[in-house]
Amino acid sequence: MQPRSHEDAKDDKSGRLRVFESSGLHFDELRHMAKYLIVFSLVVAALTIEHTSGLRAAAGQTAAPTQTSRPLFDQYCVSCHNDRLKTGNLVLTGIDANDARQHAALLEKVVRKLRGGSMPPAGSPRPDAATLASFTASVETALDREAAAAPNPGRVASRRLNRSEYVNVVHDLLDLEVNGSELLPSDMAGFGFDNNADVLSMTPALMSRYIAAATKISRLALASPDNRPITQVYKVGFENRSARSSEDLPFATRGGLAVRHAFPLDGEYVFKLRLKRNGIVSTIDGIDEDQHEVELRVDHALVKRFTIGGDFKGPDPGVLIAVPEDDKYGQQLHDYRMKADDALEIRMPVKAGTRLVAVAFTDAAPTPERTVRSRGRSGPGELDFDAPGIDMIYISGPFDGRTPEDTPSRHRILSCKPAGARDEEACARRIVTTLARRAYRRPVTDEDVQPLVAIYREGRASRDFEAGVERALEALLSSPSFLFRSEHEPFDSAQGRPGTRPGGAYRLSDLELASRLSFFLWHSIPDDELLDAAVAGRLKTAAGLEQQVKRLLADKRSSRFMKDFSEQWLEIRNVQSKAPDSILYSSFDDSLRKAMLRETELFFESQVREDRPVQDLLRADYTFLNEQLARHYGINDIYGGHFRRVTLTDERRHGLLGQASVLTTTSYENRTSVVLRGKWVLENLLGAPPPPPPPNVPPLKENDGKSKPTALRERMEQHRNNPVCASCHSRMDPLGFALEHYDAVGQWRETDSGAAINAAITLHGDEIDSPKAFREALLTQTDEFPHTVAEKLLIYGLGRGLDYYDAPAVRQLIREMKAQDYKWSSLVLGIVQSRPFTMRRGGDSTN
């Protein structure tokens, strides 16, 4: 596969790239004529009948070919797809239907369409269900046999560590927490995931960022005296100021934030707080009448309790005009409302290390919550955002900094301490050898270590032993062996030539397999036990590989893969950029946004750790809630900001489709979207993404508040009058309408703009009138959902998109999952043991 362009990556992030895009079929004409869908379906139907007998024979089956296959083929396929018409840029004249190897790409596309039931489309002539099922099975058998005889495991390009991998590796290697967004730019996505090798190239500008990050990290890890005072700013978003906003904050607090801040040295640091202000006149919110207390804590220990508010009462005379010079009290009052938080500052000593800094208002003198009637609505959770709130925390330092005796990072790095000058270089060599083995993910040689030791000598000459180690660490973190994940083809040194033929398949070395495994399940480097197993050759055996898979999954570090995969596959990380209309959805704030995301993360992790069937993602009767999210769902008797597992009595909230993260992500800021939701279901649950929309699609007509309001369904019916739109919307819209009872932030509703909601749909011939029935309908379509999950996780595990030659491996995963009740353990182990994961295609003259 060729590397993708930046534009390809953007399209892929929006879900528009296909999983099997190299089949040779072109769908551009779908944008211009709906009629083509029907034509193509006839091609598929006829082709399936024509090929059945030949492929059955190739598969060793004894069924005799039907006598009507050739006439049907001529009637429905060749009449349009011939050398003269070339309908859809597809010519079927002269195709040998018995040659599964030569036509694998085409046949895989046919199988995929038939399995999904999308071809032939409803209303078009089609063979009976038994004929289609028999044909599909025979084609799959032939394709699987050909794949076994000539495996093509694909080829993953060399790629750099992406940002989240880099952060995890630094933590696991150096026991140091760093903020990746401060060090490196965000990554593009390919095929829906930002670990895709084709988009993880390195530019000179990006390399300079990695080098700068290496300098900062090495100084921070060793608490270098080269660390200079800086000011770090942490800003609070749109928060609920009347509730505890984080589990890291103490009980009986409200608003505020908690951050993990890296203090590079022992020394003094300045903490300065800034409060929320009125966006128009810049006066501090909520300090006009009452007195309030603000707590500053470091690692949960109280540092300072500030008192603010209530010193000057009455209306501010300087809100609209300048305060008269003779109004001394007015001038003092206005000045206080503008600058009262200048007093919220303290300078204090702090020990080096990453520490939790928490700032919040206390409930020492709580005031009743006031509903927001000025915004046109009132109800549960709609609190007064004019109350005082934390806006920013400034942390400055270190001042008079000193290198500490010990920190977790120094303890991890300085594995030996020289007794004298003679021992220093030997100790340094031991340190860099230990670090390089983990950082390079393999045993290291003198050729790897000697350049690092040479750089150590330069640093040692400039100051001392630790300065030398710091310079060597900086070089290690900038090394291509660290930054890039590369896999090398076998080489026959005796013959002086490659050990495999061009384009041939070969098995990865155990060390390369260990790296694939750890980056898949830990999103980071292998630990010593996994490296030792690879060096000893234990990953060559199925038992040895399975043992390591189980160990890695049981480790808490596997939570990284569960979080990262679920956020990208389900696209729920996009909820962080959503800004629902504050008037229509006044209960929405940053705390609720985080709660939505956390619910799905905890839910997905519980599914994997409890080894449930993958179908339980859609039908599970439990979730994880805190008070704010439970109130959002209308669930009572849940108190506090911490999340706990809750058994759901309301079937409307079962599974992913009842969770606000998914429902908010697939909505606009001011309304729901049946198109976004339908597309999300097609793409992420059913693995059948629609083609990109045609250009210049007119916007949906909104209710203007003058004429009688209409529900979204009625407005979409008008939108689909265009036959070009209807060709795709007939698939998407019903799936979106089934979720129309959930509003744009995931709350249940019975009306839309005052009009009653009709969420009933017809799916696969069945009437669907409830979320439960919708879930059941999605899960009754054979293996579509498990098939999609398997594909998505394989894409994530490999770090590349799937092609037609990967389809046999996916079918094998489904067979193994089915034998194990579709449990997550069978899927993960199946991926790790699959040919695409354990093997690689060699290069040829074209790549």
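The values are calculated or read from the model by the stated rules, or taken from the named source; none is laboratory data. Predicted model, so just to flag it, every value in this text is computed and none were measured. Methodologically, a virtual Cβ is constructed for each residue, glycine included, from the backbone with ideal geometry; neighbour enumeration extends over all protein chains shown. We work out accessible area using only protein heavy atoms, side chains counted, and drop any ligands, DNA or RNA first. Shrake-Rupley method; radii C 1.70, N 1.55, O 1.52, S 1.80 Å.
For segment 730-845, list the strands (runs of 3 or more DSSP E) that sit wholly inside it and hold at least 2 residues that are touching a helix residue (DSSP H, G or I) at 6+ places or on another chain (Cβ under 7 Å) and farther than 22 Å from L663 by Cβ; which are they?
Once the strands (runs of 3 or more DSSP E) in segment 730-845 are filtered for at least 2 residues that are touching a helix residue (DSSP H, G or I) at 6+ places or on another chain (Cβ under 7 Å) and farther than 22 Å from L663 by Cβ, nothing remains.
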> Looking at (1) assigned to a helix (DSSP H, G or I); (2) over 21 Å from D743 (Cα atoms); (3) at pLDDT below 95, can you tell me which one Q628 breaks?
Replying inline: (2)
> Restricting segment 477-505 to residues that are modelled with pLDDT of 95 or more and part of a strand (DSSP E or B), which is surrounded by the most Cβ atoms within 10 Å (Cβ to Cβ)?
Replying inline: R485
> Taking Q547, is it farther than 21 Å from T434 by Cβ and at pLDDT below 95?
Replying inline: no
> Can you name every residue in segment 391-440 that is open to solvent by less than 50 Å² (accessible area, probe 1.4 Å), touching an Asp or Glu at 6+ places or on another chain (Cβ under 8 Å) and not in a loop (DSSP other than H, G, I, E, B)?
Replying inline: G397, P398, G401, S409, A436, R438
>> Being more than 27 Å from the chain's Cα centre (by Cα), at pLDDT below 95, under 30 Å from T672 (Cβ atoms) and surrounded by 22 or more Cβ atoms within 10 Å (Cβ to Cβ): is that true of I757 here?
In response: no
> Quick one: would you say A630 is within 22 Å of the chain's Cα centre (by Cα) and free of Cβ contacts under 8 Å to residues at least 60 places away in the same chain?
Replying inline: no
> What do you reckon, is D342 open to solvent by 20 Å² or more (accessible area, probe 1.4 Å) and farther than 30 Å from S409 by Cβ?
Replying inline: yes
>> I need the full set of residues from segment 572-616 which are within 25 Å of D821 (Cα to Cα), without any contact (Cβ under 8 Å) to a residue 60 or more places away in the chain and not acidic (D, E), in order please.
In response: L602, F603, F604, S606, R609
> What are the residues in segment 297-315 that are outside any loop (DSSP other than H, G, I, E, B) and of a type in the set (A, V, I, L, M, F, W, C), if any?
Replying inline: V298, A301, L302, V303, F306, I308
>> Among the residues of segment 644-655, are any within 20 Å of the chain's Cα centre (by Cα), farther than 18 Å from E776 by Cβ and crowded, with 21+ Cβ neighbours inside 10 Å?
In response: no
> Among the residues of segment 561-568, is there at least one that is among the charged types (D, E, K, R) and part of a loop (DSSP other than H, G, I, E, B)?
Replying inline: no
> If the Cβ limit is 6 Å and pairs must be 6+ apart or interchain, which residue in segment 441-458 that is part of a helix (DSSP H, G or I) pairs with which residue that is open to solvent by 70 Å² or more (accessible area, probe 1.4 Å) and among the basic types (K, R)?
Replying inline: V453/R429; I455/R471
> Mind checking which residues of segment 197-229 are in a loop (DSSP other than H, G, I, E, B) and either closer than 15 Å to G401 by Cβ or aliphatic (A, V, I, L, M) (or both)?
Replying inline: L200, M202, L222, A223, S224, P225, D226, N227, R228, P229
> Within segment 519-560, how many residues turn out to be in a helix (DSSP H, G or I) and either touching a strand residue (DSSP E or B) at 6+ places or on another chain (Cβ under 6 Å) or not β-branched (V, I, T) (or both)?
Replying inline: 28
> Where residues in segment 515-544 are acidic (D, E) and in contact (Cβ under 8 Å) with a residue 40 or more places away in the chain, which of them is nearest to F565 (Cα to Cα)?
Replying inline: D527
